[in-house]
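Peer 1: To start, I am sharing the structure in question, which I have written as structure tokens.
The values are calculated or read from the model by the stated rules, or taken from the named source; none is laboratory data. Every value quoted in this text rests on a predicted model; they were computed, and no experiment measured them. No Cβ is skipped: glycine too gets one built from the backbone with ideal geometry, and neighbour counts run over all protein chains shown.
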Amino acid sequence: MTDLLIRGRVLSFLREPEGVEDRASYRFEEDGAVLVREGRIVAVGDHAAVRAQARPDATLADHRPHLVMPGFIDAHVHMPQMQVIASYGAELLDWLNDYTFPEETRFSDAQHGRRIVRLFLDEAIRHGTTTVAAYCSVHKASAEAFFEESHARDMLNIAGKVMMDRNAPEGLTDTPQSGYDDTRALIAAWHGKGRQLYAITPRFAITSSPEQLEMAGALAAEHPDCHVQTHLSENHAEIRWTRELYPQARDYTDVYARYGLLGGRSLFGHCIHLSDREADAMAEAGGVAVFCPTSNLFLGSGLFDYQRYRRRDKRLRVATATDVGGGTNYSMLRTMDEAYKVIALQGEKLDPLRSFWQLTRGNAEALSIVDRAGTLEPGTDADIVILDAAATPAMSIRNERVTTLAQELFLLQTLGDDRAVKAVYVAGRSAKG
Ligand code: GUN
Ligand code: ZN
């Protein structure tokens, strides 16, 4: 593979910004470049300096005056819900029963799974998302389809077959033993193959028996480098029912903790209604609370208290995500715009630097993949997005008044979507643009 020299206005975060004035938290080069060799970033910085390191036959990709950033990371999304998104009028449990479970039943057909996976990864890339943590359906074949397609595209993705053995329609359940066996086989086949990572995926406490959560915990203990992903404290009716199903547990978080599912690689979708005790337990174990703003608003689940979780003495690790199809958009720009509004409704602000840190390096840290993705640091994989803050007429006219990088980012977040994503590189190869 020849060298690839990507030129543009390069932005990447070095740590979490403390505010819009925190210049030391990021690297920004007005005339910058990223040098890519064999799928990895080998140099980043001033264009002239980086160019001097490129081999003479390097391919040049001149994206001036656009921003060059790490690809976006979506920390919680449901591949089988492409035909569920935009379903009208229900809260979580009805929404699952009326729309989601019937749709996921279709994934018993492996051919259907392969079709949706292709379209799903196309859509992620089109929106500038180069890594997802994805739920497949209960069917082993849906996860096989996901990993086959993801591997063929050389994407760094985390995914798992959903485990669910009760409170769901026939045709959408496994058993503790089959869920364990299928997951184990999928881990053996796919975890660490190329860029693929496996997440042990019990859907949530309501759809898993105690026996199944025990098996999920055994898998997590046997495969400590795999992620665990599930849902936690999204909706009041869900919380009530969970407490009835697990009366011995102190609270909802304790259900997962008891079965060994609360650890540093555990990703918990939603976490809206956590008590202080639950937040403490999460923080102590290093679990990640995944904020899914478009979904939380759409399903009327509640307002995730991002600033409370980040400011408390025992800080929570937080990621952000679309949660399509409860979420209403594939775009992480649209997601952070809604995050801003959810936070504003609670009397707080999320500044644009922190927002763009979150959807790149912040999410990579939360997913424990920051040594590979989420920055433009040399040695990491070249997953890169090119962003145009004047992509539409409305953006272009507003952009005439933009004078700072923070303003440009806020414009991208507030008005941007897939149209602002001019190009995408996955492991150094052009995937859009
Ligand atoms: N809780 C359990 N399953 C789901 C799901 O598919 N979407 C959301 N938003 N919450 C869930
Ligand atoms: Zn979800």
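Peer 1: Taking only region 312-330 into account, find how many residues are within 17 Å of Ala364 (Cα to Cα), among the polar types (S, T, N, Q) and assigned to a loop (DSSP other than H, G, I, E, B).
Peer 2: Total meeting the criteria: 1.
Peer 1: Within region 222-248, track down each residue that is surrounded by fewer than 18 Cβ atoms within 10 Å (Cβ to Cβ) and away from ligand 1 (no atom under 16 Å from the Cβ).
Peer 2: The answer is Glu222, Pro224, Asp225, Glu244, Pro247, Gln248.
Peer 1: Within region 296-304, is there a residue that is surrounded by fewer than 20 Cβ atoms within 10 Å (Cβ to Cβ), more than 19 Å from the chain's Cα centre (by Cα) and within 16 Å of ligand 2 (Cβ to nearest atom)?
Peer 2: So far as region 296-304 goes, yes, one or more of its residues are surrounded by fewer than 20 Cβ atoms within 10 Å (Cβ to Cβ), more than 19 Å from the chain's Cα centre (by Cα) and within 16 Å of ligand 2 (Cβ to nearest atom).
Peer 1: Of the numbered conditions (1) surrounded by fewer than 19 Cβ atoms within 10 Å (Cβ to Cβ); (2) closer than 22 Å to Gly287 by Cα; (3) out of contact with any Lys or Arg (no Cβ under 9 Å at 6 or more places or on another chain), Ser368 satisfies every one except a single condition; which is it?
Peer 2: Condition (3) is where Ser368 drops out.
Peer 1: Moving to a separate point now. Please indicate, with yes or no, whether at least one residue in region 108-122 is surrounded by fewer than 22 Cβ atoms within 10 Å (Cβ to Cβ), farther than 26 Å from Ile73 by Cα, in contact (Cβ under 8 Å) with a residue 12 or more places away in the chain and in the same structural domain as Pro169 (by the TED database).
Peer 2: Yes, some residue in region 108-122 is surrounded by fewer than 22 Cβ atoms within 10 Å (Cβ to Cβ), farther than 26 Å from Ile73 by Cα, in contact (Cβ under 8 Å) with a residue 12 or more places away in the chain and in the same structural domain as Pro169 (by the TED database).
Peer 1: If I ask for residues that are touching a helix residue (DSSP H, G or I) at 6+ places or on another chain (Cβ under 7 Å), in a helix (DSSP H, G or I) and of a type in the set (Val, Ile, Thr), which ones from region 106-150 would you list?
Peer 2: Across region 106-150, the qualifying residues are Ile116, Val117.
Peer 1: A follow-up question, please. Please verify whether Gln346 is in a helix (DSSP H, G or I) and either more than 22 Å from Asp62 (Cβ to Cβ) or small (Gly, Ala, Ser) (or both), treating the condition exactly as stated.
Peer 2: Working: in a helix (DSSP H, G or I): no; either more than 22 Å from Asp62 (Cβ to Cβ) or small (Gly, Ala, Ser) (or both): yes.
Here the answer is no, as Gln346 does not meet what is asked.
Peer 1: Can you tell me which residue in region 54-86 is farthest from the chain's Cα centre (by Cα), limited to those that are closer than 30 Å to Glu103 by Cα and more than 16 Å from ligand 1 (Cβ to nearest atom)? Show your work before the answer.
Peer 2: Step one: filter region 54-86 for residues closer than 30 Å to Glu103 by Cα, giving 71-86.
Now drop any that are not more than 16 Å from ligand 1 (Cβ to nearest atom), which leaves 71-73.
Numbers: Gly71: 11, Phe72: 8, Ile73: 5 Å.
Step by step, filter region 54-86, then rank; the result is Gly71.
Peer 1: Turning to a different aspect of this structure: Can you name every residue in region 45-73 that is without any contact (Cβ under 8 Å) to a residue 40 or more places away in the chain and either in a helix (DSSP H, G or I) or acidic (Asp, Glu) (or both)? Don't jump to the end; show me each part of the working.
Peer 2: Here is the first cut: in region 45-73, the residues without any contact (Cβ under 8 Å) to a residue 40 or more places away in the chain are 45-46, 48-49, 52-53, 56.
Passing the criteria: Asp46, Ala48, Ala49.
Peer 1: Select from region 16-65 the residues that are β-branched (Val, Ile, Thr) and closer than 19 Å to Ala427 by Cα and list them in ascending order.
Peer 2: Selection gives Val34, Val36, Ile41, Val42, Val44, Val50, Thr59.
Peer 1: List every residue pair whose Cβ atoms lie under 9 Å apart, where the two residues are 6 or more positions apart in sequence or sit on different chains, the first residue falls within region 157-177 and is modelled with pLDDT under 95, and the second residue, located anywhere, is hydrophobic (A, V, I, L, M, F, W, C) and surrounded by 19 or more Cβ atoms within 10 Å (Cβ to Cβ).
Peer 2: Final answer for the pair search is Gly171/Val138.
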